[in-house]
Amino acid sequence: RSAIISGEMEPGVVYSAPSLAARFGVSATPVREAMLDLVREGMVTIVPNKGFRVTEVDEASLDQVTQIRQLLEPPVVGRVTPLVPAEDLPGLRQMAQDIVDEAAAGDLVAYTEADRQFHLRLLSYDGNPRLVDLVSELRSQTRLLGLSALLASGVLAENAREHLTLVDLVEARDAEGAEALMHAHVARTRTTWAGRPDGRLVP
């Protein structure tokens, strides 16, 4: 899932189970099972006798996903900022540091997964598991095809540090600041990170 979202597995390309098994260092059977799960999620389609094709997501769909995320995530982050227990802050900070470390290591798959875990954990403090599931599904429909270029330029590591800043804002109980940062953060998943050609922010 993270390889698809990060763009490491390219949209439209057909991947066989044996080639993926070799890539991830596992046997073909769990790969097939995992890919069938992704088929059910709509992230890949089956190509008979060949393998699995990564589903392409058009520009309009990416715009729509980002608009929904903007409506959901920033206000929830603002709302949970005073609710995160002080004893949980070191764990959240470590999760944010993991994102920074994976960016520095150049591992886009691990970076994307660490990013997903951090954001879903933060949203979970709202006490609404349906919201967390919905955001998780929306994130799966995102394609961050610009990450490779950002990694090469060093910008990805800089952006990754935003997660540590977000933890700082939560620790300071700055709900307004945390919400504003999340607005900018989600917007970049549709512009810089997704490689949108016109660079336009989604309102």
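Please treat every number below as a calculation from the coordinates, not as lab data. This is a predicted model, so every value here is computed, not measured. Counting neighbours? That spans all protein chains shown, and the Cβs are built from the backbone with ideal geometry, glycine included.
What FRET efficiency do you get for ARG53 and ALA105 if R0 is 41 Å and r is their Cβ-Cβ distance, rounded to the nearest 0.05?
The computed FRET efficiency comes out at 0.90.
Give, in nm to one decimal, the length gained when the segment between SER153 and GLN64 is fully stretched (0.36 nm per residue of separation minus the Cα-Cα distance).
That pair, SER153 and GLN64, stretches by 29.2 nm at full extension.
Note the full-extension length gain between LEU131 and HIS183 as 0.36 nm times their separation in residues minus their Cα-Cα distance, in nm to one decimal.
Working: separation 52, 0.36 × 52 = 18.72 nm, distance 1.71 nm.
Gain on extension, LEU131 to HIS183, equals 17.0 nm.
Which residue, ALA175, ALA96, ALA86, tops the fluctuation ranking in a GNM of the chain built on C-alpha contacts under 10 Å?
Among ALA175, ALA96, ALA86, the largest mean-square fluctuation in the Gaussian network model of the chain belongs to ALA86.
Which value, in debye to the nearest 20, gives the size of the charge dipole of the chain about its Cα centre, when Lys and Arg are +1 and Asp and Glu are -1 at the Cβ? Kindly include the intermediate steps, with their values, before the conclusion.
Details: 20 positive and 29 negative charges, 117 e Å.
For this selection, approximately 560 debye.
Can you give the extra length, in nm with one decimal, that the chain gains between LEU71 and LEU138 once fully stretched, where that is 0.36 nm per residue apart less the Cα-Cα distance?
Working: separation 67, 0.36 × 67 = 24.12 nm, distance 1.21 nm.
Fully extending the segment from LEU71 to LEU138 adds 22.9 nm.
Span-like helices, the chain: DSSP H, alpha-carbon axial extent 30 Å or more, mean Kyte-Doolittle -0.5 or greater, which ones? Walk me through the numbers before you get to the answer.
Details: long enough: 59-80 (31 Å, -0.03).
Within the chain the helices that satisfy the rule are 59-80.
Taking Cα centroids, how far is region 47-99 from region 12-43 in Å?
23
Under a 10 Å cutoff between Cα atoms, tell me which one of LEU123, LEU83, LEU150 has the largest fluctuation in the Gaussian network model of the chain.
Answer for the Gaussian network model of the chain: LEU83.
Provide the net charge surrounding ALA104, with neighbours chosen by a C-beta distance below 12 Å and charges set as Lys +1, Arg +1, Asp -1, Glu -1.
Spelling it out: positives minus negatives among the neighbours equals -4.
Once you've got the GNM for the chain with C-alpha springs shorter than 10 Å, pick whichever of SER19, SER61, SER140 has the biggest mean-square fluctuation.
Comparing SER19, SER61, SER140 in the GNM, the peak value goes to SER19.
Which value in deg cm²/dmol, rounded to the nearest 500, describes the helix-derived mean residue ellipticity at 222 nm for the chain, given -39,500 (n - 2.57) per DSSP H run of n ≥ 4 and division by the residue count?
-20000 deg cm²/dmol
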